[in-house]
Amino acid sequence: MLKKIIKGGHRKPSKSDPNDGSLYGYGPPGTRTSGSVSTVNVVVNHASRAGPAASGPNTGGPASISAMAPPSGTVDPLPLFREVPVSERQGLFIRKLQICCFQFDFIDTLKSAREKEIKRQTLLELVDFIQSGSGKITETCQEEMIRMISVNIFRCLPPASHENTGQETTDPEEEEPYLEPSWPHLQLVYELLLRYVVSSDTDTKVAKRYIDHSFVLKLLDLFDSEDPREREYLKTILHRIYGKFMVHRPFIRKAINNIFYRFIYETDRHSGIGELLEILGSIINGFALPMKEEHKLFLVRALIPLHKPKPIAMYHQQLSYCITQFVEKDYKLADTVIRGLLKYWPVTNCQKEVLFLGELEEVLEATQSAEFQRCMVPLFKQIGRCLNSSHFQVAERALFLWNNEHIVSLIAQNRSVILPIIFKALEKNIQSHWNQAVHGLTVNVRKMFLEMDVELFEECQREYAEREGRARELEENRELTWKKLADVAAQRGAEDMVTV
């Protein structure tokens, strides 16, 4: 509850230029000076600098005169579209958009209740009008609609709890998500935008003037919203924009890249990485072959380093899907991916290791023999360390790799290299691992190698026995040396005492 109270009074600035006055607010028609929509002229200050005066448009604080809620009783419902002649519907459409530009205080549920309901009903009518395709809306109406949408959705997001209170950063999975209080209106605005984008009546040549690069960047900024309902809408809308507006595709990919870079190397915090990766999973699936160098660089510079941040569990499923898509598209990338996983392999985070082993299995399933041979030595050195992990889930997950037929066939083809690497780990588990399940699985894997190649197994066993013998002999010699030193020290100590 405390988190919600704190978040209700403070807002996180957009990652777009904070000095750009066109990011928020609503201007009258005819104020456009270029091909892009001039969105709202609202000046938003960061809460930590401005205090209570930095209220955003959806929290009840007056961000600008045009964004303020109207005086009670001054807003009246407009007639329905079906109640006016067809010739007047475009004008009525604009009047309804103007009503929807008013912002209300959703912290106080009783304040402006009548006006809130009028706006909600008006938004529903607009959504139905666009969805029904009753009439093709004019360019002016499209411009005003995008402006109204901008007024409502482009706003300052509440900062995370650690940004508000100065507390230590907690695990994002343990934090209670902040739910946007203005969602009853916000949801309908997003629905209107979605219906506009997917409508067959929407001409991309006209729409791209309003849904431009600036608009797309602001949409991407909103992916940091903590409200999962909002991120789900944003994911669907951005995916549709990517599909419909081919001119925006390279820009969207580059902008997503930049979000990833900032997350990996600067903030380590972002709420929407999973949703962005879901969009990319679909995009990667559509990549043409042979794959462009740009896409391979994206894999190496953005996707593989996404294994580094601590909160990987929140988006690992989507990340793993994207990585696997690359390998399935171009099997030659398997070596690059596996070496990338080894580079970022966790040292002390056991739960993260379990995730890595699961992803490794998916990648190996799509790996062919030639690529496997390039990376098998460092790979099985790491697997050997996992087999001996005192955390039973890590050891167990590593042993489960031998349940995969394709992986077993790759291992069998290269057993002369792999068995000597992991033989010591197998023997150590059998001799001393505390977990019975791990012990049993290790025995099965050992038996599998024995059945593959008896001679190789016996040779490895002999070499292991020799190494262990040498190690014991070395240890005995070390202990003997220490004993001699202790005896000499004791003798000298006794001589000194006699002298005194």
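The values are calculated or read from the model by the stated rules, or taken from the named source; none is laboratory data. Predicted model only: the values in this text are computed from it and were never measured. Backbone-built Cβ (ideal geometry, glycine too); neighbour counts: all protein chains shown. For accessibility, only protein heavy atoms count, side chains too; no ligands or nucleic acids. Shrake-Rupley method; radii C 1.70, N 1.55, O 1.52, S 1.80 Å.
Surface composition of the range 301-428: carbon plus sulfur atoms contribute 48% of the solvent-accessible area (1.4 Å probe, protein chains only, all chains present).
Jot down the per residue volume, in cubic angstrom and as a whole number, of the convex hull over the alpha-carbon atoms of the range 349-485. Kindly include the intermediate steps, with their values, before the conclusion.
Working: hull volume 16.9 nm³, N = 137.
It comes to 124 Å³ per residue, whole-number rounded.
Output the peptides 247-254, 225-232, 308-315, 191-198 sorted from most to least packed, where packing is the average of other Cβ atoms within 10 Å over each peptide's residues.
On the way: 247-254: 14.9, 225-232: 19.0, 308-315: 17.0, 191-198: 21.0.
Top to bottom by mean Cβ count within 10 Å: 191-198, 225-232, 308-315, 247-254.
Positive-end ranking of Ala486, Met452, Ala437 along the dipole of the range 432-500, with charges on Cβ about the Cα centre, is headed by Ala486. Modelled this way, with points 7 Å down the Cα-to-C-beta line, the labels at Ile430 and Tyr261 are 5.2 nm from one another.
If you find the alpha carbon centre of the range 118-140 and of the range 224-289, how far apart are they in angstrom? Distance between centres, Cα-based: 28 Å. Taking the Cα centre of the range 206-276 as origin and assigning +1 to Lys and Arg Cβ atoms and -1 to Asp and Glu Cβ atoms, the resulting dipole is close to 520 debye. In this simple spin-label approximation, Phe392 and Arg374 carry label points 7 Å from Cα along the Cα→Cβ vector, and these lie 3.9 nm apart.
Over 19 Å between Cα atoms: which of Lys254/Lys292; Lys308/Lys332; Lys381/Lys424; Lys343/Lys428; Lys296/Lys343; Lys119/Lys244 fall into that group?
Working: Lys254/Lys292 14 Å; Lys308/Lys332 23 Å; Lys381/Lys424 11 Å; Lys343/Lys428 26 Å; Lys296/Lys343 17 Å; Lys119/Lys244 29 Å.
Cα-Cα > 19 Å for Lys308/Lys332; Lys343/Lys428; Lys119/Lys244; rest within.
Selection among Gly358, Ser389, Asn403 by position relative to the dipole of the range 314-411 gives Ser389 as farthest towards the positive end (Cβ unit charges, Cα centre). The distance between label points at Ser134 and Asn404 comes to 5.6 nm (points 7 Å beyond Cα on the Cα→Cβ vector). Sorting the segments 478-488, 110-120 by their residues' average number of neighbouring beta-carbon atoms within 10 angstrom, most packed first, yields 110-120, 478-488.
Shape annotation for the range 270-338: C-alpha extents along the principal axes are 33, 22, 17 Å, from largest to smallest. Placing +1 on the Cβ of every Lys and Arg and -1 on the Cβ of every Asp and Glu, with no other charges, gives the range 235-318 a dipole of roughly 140 debye about its Cα centre.
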